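**Q** I'd like to ask you about the structure that follows.
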Amino acid sequence: MITLKSPREIAEMAKSGAILAGMHQGLRNIIKPGISSWEIEEFARKYYRQHDAVAAQIGFEGYKYATCVSVNDEICHGFPRKSLILKNGDLVKVDTVVDYHGAMSDSCWSYAVGTPSPEVAKLMDVTKKALYLGIDQAKVGKRIGDIGAVIQHYTEDENGYGDVREFVGHGIGPTMHESPNVPHYGEAGHGLRLRAGMTITIEPMINIGTWKAEMDDPNGWTARTADGSLSCQYEHTLVITDDGPKILTSQDATFDQKYLLNY
């Protein structure tokens, strides 16, 4: 079932999104060579407590952590680990969901540990641009396929990367995952027509090599690239409005100026 959110619900989701964005901004000072990925988890838990918010992933289908911390060839759902020490050049993806008084927000961000290689820097740039190309398609009257098609064309056709198929964006609101699914691949002009009040995530996961994932990790959660290549992800929660897409998890008011709500 797809729910259209009221202005009050959207305003509450924006508060949730601001908390999540603030946590990501704080990670910029945390993620560096020599820390364990568990320190990212500790920082997120503490930040949410301090802002009267709940880490919504804890307990979701048995998941135990506030964050997913996926490194290098891990596409998504990596566990934060005390034994995993980050080293210079690593590519780290941190995905997390916040519940603020019943309002949900979801965002993943990628971080280069220390100095990124040119290969990592390009992958990050392309993946982030792909996210915003998708966001630009999230307009009233457009279709779900328009979002995926522009992302797939840019990442695969123009840059030769692999656009992951196994995981997609989704609706979000009172619960973490709602209809509709929002693939970051597809065919323009196909799929559900977008309406004002829909709140969705767009979250391209882009690999340097094949788009295919391996999901045979003993922990039952972590997905990796099938060929061991690097993977990157960026994700925002947004609302579709008559004035265009508005990002609810923005970390940069200047960069995202045209995507921000006016209230």
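**Q** Of the candidates Glu158, Glu61, Glu203, which one comes out as most mobile in a Gaussian network treatment of the chain with C-alpha springs shorter than 10 Å?
**A** Result: Glu61 has the largest fluctuation of those listed.
**Q** Just how large is the dipole of the chain about the Cα centre, in debye to the nearest 20, putting +1 at every Lys and Arg Cβ and -1 at every Asp and Glu Cβ?
**A** Details: 26 positive and 34 negative charges, 128 e Å.
The dipole magnitude comes to about 620 debye.
**Q** Can you tell me how the range 92-150 classifies by the Cα gyration tensor, rounded, prolate or oblate, using a/c under 1.5 as the rounded cut? Don't skip to the end; give the middle numbers.
**A** Working: a/c = 4.04, a/b = 1.22, b/c = 3.32.
Because a/c hits 1.5 or more and a/b fails to exceed b/c, the range 92-150 counts as oblate.
**Q** OK, next. Determine the relative contact order of the range 147-263: mean sequence separation of Cα pairs under 8 Å and six or more apart, normalised by residue count, in whole percent.
**A** Taking the mean separation of contacting Cα pairs over the length of the range 147-263, I get 22 percent.
**Q** Take each uninterrupted DSSP H stretch in the chain, measure its Cα extent along the helix axis, and return the ones at 18 Å or beyond whose mean Kyte-Doolittle hydropathy is at least 0.5.
**A** Membrane-span-like by this criterion, though nothing is claimed about a membrane: none.
**Q** Still on this structure, I have one more. Where Lys and Arg each count +1 and Asp and Glu each count -1, what net charge lies around Val150 among other residues with Cβ under 13 Å from its Cβ?
**A** Overall, the nearby charge balance is -3.
**Q** Let me ask something else about it. Treating the beta-carbon of each Lys and Arg as +1 and of each Asp and Glu as -1, no other charges, what is the dipole magnitude of the range 14-89 about its Cα centre, to the nearest 20 debye?
**A** In debye, rounded to 20, the range 14-89 gives about 240.
**Q** I've got another one for you. Let me make sure I get this right: for the chain, a, b and c are the square roots of the gyration tensor eigenvalues over alpha carbons, sorted descending. Under 1.5 in a/c it's rounded, otherwise prolate if a/b > b/c, else oblate. Which is it?
**A** Judged from the Cα gyration tensor, the chain comes out oblate (a/c at least 1.5, b/c at or above a/b).
**Q** OK, next. Taking the chain as a Gaussian network, where each spring joins two C-alpha atoms under 10 Å apart, which residue of Ala14, Ala188, Ala130 fluctuates the most?
**A** Greatest mean-square fluctuation among the candidates belongs to Ala188.
**Q** Among Lys5/Lys32; Lys32/Lys129; Lys5/Lys258; Lys122/Lys212, which pairs are too far apart, with a Cα-Cα distance over 30 Å?
**A** From the list (Lys5/Lys32; Lys32/Lys129; Lys5/Lys258; Lys122/Lys212), the Cα-Cα distance tops 30 Å for Lys5/Lys32.
**Q** Given the Cα-Cα distance of Arg195 and Asp252 and 0.36 nm per residue of separation, how much length would full extension add, in nm?
**A** Additional length available on full extension: 17.9 nm.
**Q** Separate question: Would you mind telling me the share, in percent, of accessible area of the chain contributed by carbon and sulfur at probe 1.4 angstrom? List each step's numbers first, then the result.
**A** Numbers: 5710 of 11100 Å².
Ligands and nucleic acids excluded, carbon and sulfur give 51 percent.
**Q** Next up: How many nm is it between the label spots at Leu260 and Arg8, if each spot is 7 Å from the Cα in line with the beta carbon?
**A** Calculated label separation equals 2.6 nm.
**Q** Taking only C-alpha pairs under 8 Å that are 6+ residues apart, what is the relative contact order of the chain in percent?
**A** Numbers: 669 pairs, mean separation 56.9, N = 263.
Contact order relative to length: 22 percent.
**Q** Can you check what the net charge comes to around Ile172, using other residues whose Cβ is under 10 Å from the Cβ of Ile172 (Lys, Arg +1; Asp, Glu -1)?
**A** Details: positive: Lys5; negative: Asp106, Glu178.
So the surrounding residues net to -1.
**Q** So, in Å, what gap is there between the alpha-carbon centers of the range 1-68 and the range 112-170?
**A** Taking the Cα centre of each part, the range 1-68 and the range 112-170 sit 22 Å apart.
**Q** Quick one: among Ile151, Ile208, Ile85, which has the greatest mean-square fluctuation in a GNM of the chain with alpha-carbon springs under 10 angstrom?
**A** Of Ile151, Ile208, Ile85, the Gaussian network model singles out Ile85 as fluctuating most.
**Q** Also: Whole angstrom only: what separates the Cα centroid of the range 73-108 from the Cα centroid of the range 174-211?
**A** Between the Cα centre of the range 73-108 and that of the range 174-211, the gap is 20 Å.
**Q** Assign one of three labels to the range 1-139, namely rounded, prolate or oblate, based on the Cα gyration tensor with a ≥ b ≥ c the square roots of its eigenvalues; rounded applies when a/c is under 1.5, prolate when it is not and a/b is larger than b/c, and oblate otherwise. Intermediate values should be presented prior to the final figure.
**A** On the way: a/c = 2.02, a/b = 1.32, b/c = 1.53.
Judged from the Cα gyration tensor, the range 1-139 comes out oblate (a/c at least 1.5, b/c at or above a/b).
**Q** Rounded to the nearest angstrom and ordered from largest down, what semi-axes does the equivalent ellipsoid of the range 18-86 get from its C-alpha gyration tensor (root of 5λ)?
**A** On the way: eigenvalues 70, 51, 20 Å².
Values for the range 18-86, descending: 19, 16, 10 Å.
The values are calculated or read from the model by the stated rules, or taken from the named source; none is laboratory data. Just so it is clear, the structure is predicted and the values come from calculations on it, not from any experiment. We place every Cβ from the backbone using ideal geometry, glycine too, and count neighbours over all the protein chains shown. Each accessible area value is taken on the protein alone, full model and side chains, heavy atoms only, with ligands, DNA and RNA left out. Shrake-Rupley method; radii C 1.70, N 1.55, O 1.52, S 1.80 Å.
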